[in-house]
Structure formats: C-alpha cells, structure tokens
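The values are calculated or read from the model by the stated rules, or taken from the named source; none is laboratory data. This is a predicted model, so every value here is computed, not measured. When we count neighbours, we look across all protein chains shown, and the Cβ atoms used for this are built from the backbone with ideal geometry, even at glycine.
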Amino acid sequence: LGASGFHLCSQGLEMVPSYEYNHSNGYRAQLLRCPKLFPTKTAEICTHEQFAKGIGCIKHINIEAGGWMRVQINRQSETYKQLYKQRTAAERINSQAKEYGIERPKVRTGHSVVNLNTLTYIVINARALQRVRNSKSQARDP
C-alpha cells in the first residue's frame, strides 16, 4: 500500500481511486486506475500491457470494513503468525474429524460437546501415533 493507503501498480506508483459501485458479489467496491492515465493522461509511458491499449492498470477493491482489514493486516507480525498456526491446526483437526465421520456431534449440552471433542482429539492422536510407529517399524525392517 502507498502513502495514501491505496494499492501500488506494477511500476510501484500509488493507484488513483476512481468511482465506487456495488459489486456483483454483494459488496461495495472501488475502481483504482493507472496514475499515468488518470485523472489526466501524462506524457510518461508504462510497460504494463494494458497501457498500450489506453486503459492502463486497473484494480477493483473491496472497500467495506472487512475488505480493508484484509488488505491492511500485517501478515509478517508474530501475533498474526501465532493466530494463523492456531487456525490451521484447528482446520486440520476438523478435516480429520470429518474423515472419521465425527465432525457433526449429535449431542446438545456443553459438557457432552467437551467430552466428544476430547474423544475426537484422542482418536486423532492415537491414529497419528499409529502412523509414526508403522513408519518406524517399516524403516527398521530390511
């Protein structure tokens, strides 16, 4: 993102905001345009393939709060990396639970859900331990 918070083009220049519109996917969007062509055409040229057509680089961005948050989030921060690890671990557990056919609990109370989740983790860890033991025994056998 540039100094004004807008995306950079392939040349590293901050793109210029154009008009806002309702995107076909249901969110508010904004068109960003080539800074060498918009709002007025400059004498500078660009290597972008669309520049030769007179359009220049364009980008459609989601300008709703969630869309801006996704663009502005610092994916290099330690907090983000820790949360990402937790999320992917939870997704792997849910994927394995689905594979075993236990992803949709038929229990209602909170205590029952806790017990079922504990059982799910035990089954997943037991299967992982079994895979490790099998691979070690195969490595020992000539």
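When you check Leu83 against the structure, is it modelled with pLDDT of 90 or more, surrounded by 11 or more Cβ atoms within 10 Å (Cβ to Cβ) and on the phi < 0 side of the Ramachandran plot, yes or no?
Yes, satisfied.
Which ones in region 1-42 are touching a strand residue (DSSP E or B) at 6+ places or on another chain (Cβ under 8 Å) and β-branched (Val, Ile, Thr)?
Val16
Give me a count of the residues in region 1-19 that are under 26 Å from Arg75 (Cβ atoms) and out of contact with any Phe, Trp or Tyr (no Cβ under 8 Å at 6 or more places or on another chain).
Summing the residues that are under 26 Å from Arg75 (Cβ atoms) and out of contact with any Phe, Trp or Tyr (no Cβ under 8 Å at 6 or more places or on another chain) in region 1-19 gives 13.
For region 118-141, what are the residues that are within 16 Å of Glu99 (Cβ to Cβ) and within 30 Å of the chain's Cα centre (by Cα)?
Within region 118-141, Thr120, Tyr121, Ile122, Val123, Ile124, Asn125, Arg127, Ala128 meet the criteria.
Residues that are within 21 Å of the chain's Cα centre (by Cα) and small (Gly, Ala, Ser): find the strands (runs of 3 or more DSSP E) completely inside region 1-80 holding 1 or more of those.
Where strands (runs of 3 or more DSSP E) fall fully within region 1-80 and carry at least 1 residues being within 21 Å of the chain's Cα centre (by Cα) and small (Gly, Ala, Ser), they are 28-33.
Which ones in region 105-142 are assigned to a helix (DSSP H, G or I) and charged (D, E, K, R)?
Of everything in region 105-142, those that are assigned to a helix (DSSP H, G or I) and charged (D, E, K, R) turn out to be Arg127, Arg131, Arg133, Lys136, Arg140.
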